[in-house]
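Asks: I'd like to ask some things about the structure below.
The values are calculated or read from the model by the stated rules, or taken from the named source; none is laboratory data. Because the structure is a prediction, the values reported are computed rather than measured. Cβ sites come from the backbone with ideal geometry, for glycine too, and all protein chains shown count toward neighbours. Note: accessible area is taken over every heavy atom of the protein model, side chains too, but ligands, DNA and RNA are not part of it. Shrake-Rupley method; radii C 1.70, N 1.55, O 1.52, S 1.80 Å.
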Amino acid sequence: MLPNALLGIAYLAFLGYLFLGISISADIFMEAIEVITSKTKLIDVMDGEAGQNYQIEVPVWNATLANLTLMAFGSSAPEIFLSVIEALKDLGSPAGDLGPATIVGSAAFNLLVISGVSIYAVGGSTGEVKKIDDMGVFMTTGVFSVFAYVWLYICLAISSEGEVTLTEATLTLAYFFILLILAFGADKYNQTKKAKIDNENTERDN
């Protein structure tokens, strides 16, 4: 019974209110995850030359695994919750468009927009060159990001059109753990290579 213009303003204001609530919840969630991933512990290290022990502080969480698990879950929590809610609401009936649209849209936004803005922000406007610190982890996550879209197309358009089977769901979950293992291995390899180079430089200086 209200004019369309007034309804549009009311809907827009309510939508902004919901976005504000989601933003506050996501910020609190991400802060909690940052506290968890920044936790450190002291370990004893033996100095062979000095012949004594000393303690160093090391992170409890591996940075690569933290980014691929907790950080990824925290940044995508709103889309995940929307998909879960819609899936539970539509049990026994065809799935709606909200869940897949939010997941695919968020992944595409992260891959394309955030990557582009991040590169521009760290020096793209000034022409400054920024190098990737760990190319192995970058290539692993990049390949799996593209593979995720290909696998989604195979599941929904080729293998079992319009639906996801239990086998496809199991394989999808397994691919995530394969990603974690490969990324962790690439990270460890990069750390070993850096330590070897540092040792060679130290021996050369001595």
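Asks: So if I take the alpha carbon set of the stretch 1-159, get Rg, then get Rh from the Kirkwood formula, what is the Rg over Rh ratio?
Replies: 1.10
Asks: Which whole-number percent gives the relative contact order of the chain, counting Cα pairs below 8 Å spaced six or more residues apart?
Replies: Taking the mean separation of contacting Cα pairs over the length of the chain, I get 15 percent.
Asks: While we're on this one: Name the GluC sites (Glu not before Pro) in the stretch 1-92 that are in a loop by DSSP and that have at most 16 other C-beta atoms within 10 Å, would you?
Replies: Those satisfying the criteria are Glu49.
Asks: Quick one: putting +1 on the C-beta of Lys and Arg, -1 on the C-beta of Asp and Glu, what dipole do you get for the stretch 48-187 around its Cα centre, in Debye to the nearest 20?
Replies: 160
Asks: Using the alpha-carbon centroid of each, what span in Å lies between the stretch 45-106 and the stretch 131-169?
Replies: Measuring centre to centre over Cα atoms gives 17 Å.
Asks: In degrees from 0 to 90, rounded to the nearest 10, what is the angle of the helix 4-37 Cα long axis to the longest principal axis of the chain?
Replies: 20
Asks: Let me ask something additional. Identify which of Asp44, Asp27, Asp134 has the largest mean-square fluctuation in a Gaussian network model of the chain, with springs joining Cα atoms closer than 10 Å.
Replies: For the chain, modelled as a Gaussian network with Cα springs under 10 Å, the answer is Asp44.
Asks: Read phi for every residue in the stretch 196-203 and hand back ³J(HN,Hα) as whole Hz from Karplus 6.51 cos²θ - 1.76 cosθ + 1.60, θ = phi - 60°, with x for Gly and Pro.
Replies: For the stretch 196-203, the Karplus-derived couplings read 5, 5, 4, 5, 5, 5, 5, 5 Hz, x marking Gly and Pro.
Asks: Add -39500 (n - 2.57) for each DSSP H run of 4 or more in the chain, then divide by its residues: what number comes out at 222 nm, to the nearest 500 deg cm²/dmol?
Replies: -21000 deg cm²/dmol
Asks: Using DSSP to call loops (not H, G, I, E or B), can you name the trypsin sites (Lys or Arg not before Pro) in the stretch 1-99 whose Cβ has at most 11 other Cβ atoms within 10 angstrom?
Replies: In loop regions of the stretch 1-99 (DSSP not H, G, I, E or B), the sparsely surrounded trypsin sites (Lys or Arg not before Pro) are Lys39.
Asks: Please report the accessible area of Met46 (heavy atoms, 1.4 Å probe, ligands and nucleic acids excluded) in Å², nearest 10.
Replies: Accessible surface of Met46 is approximately 120 Å².
Asks: Set the Förster radius R0 to 25 Å, insert the Cβ-Cβ distance between Ala13 and Phe81 as r into 1/(1 + (r/R0)^6), and round the FRET efficiency to 0.05.
Replies: That gives a FRET efficiency of 0.65.
Asks: Enter the angle in degrees (range 0 to 90, nearest 10) between the Cα long axis of helix 77-89 and the first principal axis of the Cα atoms of the chain, meaning the one along which they spread out most.
Replies: So the helix axis and the longest Cα principal axis differ by about 40 degrees.
Asks: Treating the beta-carbon of each Lys and Arg as +1 and of each Asp and Glu as -1, no other charges, what is the dipole magnitude of the stretch 1-50 about its Cα centre, to the nearest 20 debye?
Replies: Rounded to the nearest 20 debye, it is 460 debye.
Asks: With point charges of +1 on the Cβ of Lys and Arg and -1 on the Cβ of Asp and Glu, referenced to the Cα centre of the stretch 85-178, which listed residue (Ile132, Tyr149, Leu173) lies farthest in the positive direction of the dipole?
Replies: Ranked along the dipole, the leading option is Ile132.
Asks: Also, quick follow-up: Explain nothing, just compute: Karplus ³J(HN,Hα) = 6.51 cos²θ - 1.76 cosθ + 1.60, θ = phi - 60°, for every residue of the stretch 164-177 in order, whole Hz, x for Gly and Pro.
Replies: Going residue by residue, I get 10, 7, 5, 5, 5, 5, 5, 5, 4, 5, 5, 4, 5, 5 Hz, with x marking Gly and Pro.
Asks: Then there's this: For each pair in Lys41/Lys131; Lys130/Lys194; Lys39/Lys188, compute the distance between the two Cα atoms and list the pairs where it is over 25 Å.
Replies: Over 25 Å apart, Cα to Cα: Lys41/Lys131.
Asks: So which residue, out of Phe138, Phe176, Phe19, gets the largest mean-square fluctuation from a GNM of the chain using Cα contacts under 10 Å as springs?
Replies: It is Phe19.
Asks: First compute the accessible area of the chain with a 1.4 Å probe, then give the percent of it belonging to carbon and sulfur atoms.
Replies: 68
Asks: For the stretch 109-199, which trypsin sites (Lys or Arg not before Pro) pass both filters: DSSP loop (anything but H, G, I, E, B) and at most 16 other C-beta atoms within 10 Å?
Replies: Lys130, Lys131
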